[in-house]
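The values are calculated or read from the model by the stated rules, or taken from the named source; none is laboratory data. None of the values given here were measured: they were computed from a predicted structure. Cβ sites come from the backbone with ideal geometry, for glycine too, and all protein chains shown count toward neighbours. Calculation scope for accessible area: heavy atoms of the full protein, side chains included, ligands and nucleic acids excluded. Shrake-Rupley method; radii C 1.70, N 1.55, O 1.52, S 1.80 Å.
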Amino acid sequence: MTGAVCVERIADGLHRTSGADVDLAFRIQGVGPAVVLLHGTSANHAVWEPVAERLASTATVIALDQRGHGRSDKPARGYAGPDFAGDVVSVLDALGIDRAVVAGHSLGGRNAWLAGALHPDRVAAVLSVDYTPYVEASVLDDLALRVAGGHRGFESVEQIRGYLRERYPRILPAAVDRRARWGYEKRADGLWWPLAAPDAMSQLIAGFRTPWDAEFRAVQAPMVGIRGGRSRIVSSAAWAAAIAARPADRWVDVDEADHYIPEEFPDLVADELDRLIAESLPSPSSVPPPWKGTL
């Protein structure tokens, strides 16, 4: 980094770092122990909205647009796991927060455990939703095709909603609206295009080919894993391998869910985070949180 990183307000109630090597947009709300929420591939901070609203009465909730996504920077390169994990620390530093629970879905789940392994002094606990180091190569091949197929222009927001309902058939109706609202922009050609950069998506999916399994095993903080019983990403074998690697952790199977658990069962995810926060971080004091002076 070239100098001190600060935080500035941007549109629609979001904030953004300024002065980092890669600047990140995020929504912050609540007061109390900090929890960072990391979305999955091609998504954005808004997929966590119901979870964040549940937690905000007792926690400081920071939902990121990860690099390459949403209103965050989209560099030409830099989409390996440690790059994403470093972004978590960059935001915590900018807000003056020492430690946080880090939770993520899919890509974000991988990044959450990497943050825990690579920055153990900053991560109090990890929640990883529907991703493990043992996802099969054939699953990643299919994922690459699905994500690439989603990068196209749409003539209207209603057309986007129709596409999203077909692609994510089990997410709640409000989740479809949030993805349509926050994941696209209208460009000069008159079409609505995804904010997730296609080059970034292809690079980060290639980055999944590195399993980071040693780092997964090395996380010293408490960790919770959640899997959807109908997941197309985490097979029963990949799930069993993760449990075998970390048998002391908490493992939660959600039979009725597929991959997109935070958008299908947000209360269940919020309950797990409530428990992790209570067990891993001290209760908030009467002193205003450091970030209040930075925004």
Between region 32-56 and region 136-197, the alpha-carbon center distance in angstrom: 19
Calculate the spin-label point distance for Asp267 paired with Glu166, positioning each point 7 Å from the Cα along the beta-carbon direction, and give it in nanometres. 3.3
Surface per residue (accessible, 1.4 Å probe) for region 152-274, Å²: 48
Residue among Glu263, Glu158, Glu49 with the largest mean-square fluctuation in a Gaussian network model of the chain, springs linking Cα atoms under 10 Å: Glu158
Taking only protein heavy atoms and a 1.4 Å probe, the highest-to-lowest accessible-area order of Ser57, Ser156 is Ser57, Ser156
Note: Asp199 to Arg9 extended length (0.36 nm per residue) minus current alpha-carbon separation gives 65.7 nm
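Tell me, in nm to one decimal, what length is gained between Ala174 and Ala218 on full extension, where the rule is 0.36 nm per residue of separation less the Cα-Cα distance?
Numbers: separation 44, 0.36 × 44 = 15.84 nm, distance 3.73 nm.
The Ala174-Ala218 span can extend by a further 12.1 nm.
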What number, rounded to the nearest 500 deg cm²/dmol, is the helix-based mean residue ellipticity at 222 nm of the chain, given -39500 (n - 2.57) per DSSP H run of at least four residues and division by all its residues? -11500 deg cm²/dmol
Please report the accessible area of Lys74 (heavy atoms, 1.4 Å probe, ligands and nucleic acids excluded) in Å², nearest 10. 80
When Cα Rg over 2.2 N^0.38 Å is calculated directly from the model, which label among (1) 1.07; (2) 1.19; (3) 0.93 fits? (3)
If I build a Gaussian network model for the chain, linking alpha-carbon pairs within less than 10 angstrom, which residue out of Pro169, Pro194, Pro133 has the largest mean-square fluctuation? Pro169
Select from Val254, Val102, Val129 the residue whose mean-square fluctuation is largest in a Gaussian network model of the chain (Cα-Cα springs shorter than 10 Å). Val254
In nm, what is the difference between 0.36 nm times the number of residues separating Asp249 and Leu145 and their Cα-Cα distance? 34.2 nm
Span-like helix ranges in the chain, DSSP H, alpha carbon extent 20 angstrom or more, Kyte mean at least 1.0: none
Residues of region 55-135: accessible area per residue with a 1.4 Å probe, Å²: 23
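Carbon and sulfur: what percent of the chain's accessible surface (1.4 Å probe)? Can you show the working numbers first?
Numbers: 6240 of 12020 Å².
Exposed carbon and sulfur together represent 52 percent of the surface.
How high is the FRET efficiency between Glu279 and Gln29 when r is their beta carbon distance and R₀ equals 35 Å, given to the nearest 0.05? The partial results should precede the final answer.
On the way: r = 22 Å, r/R0 = 0.63.
With a Förster radius of 35 Å, E is 0.95.
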Would you work out the relative contact order for the chain, in percent, from Cα pairs under 8 angstrom that are 6 or more residues apart? 22
By accessible area of protein heavy atoms, probe 1.4 Å, what ranking do Arg232, Arg122 get, highest first? Arg232, Arg122
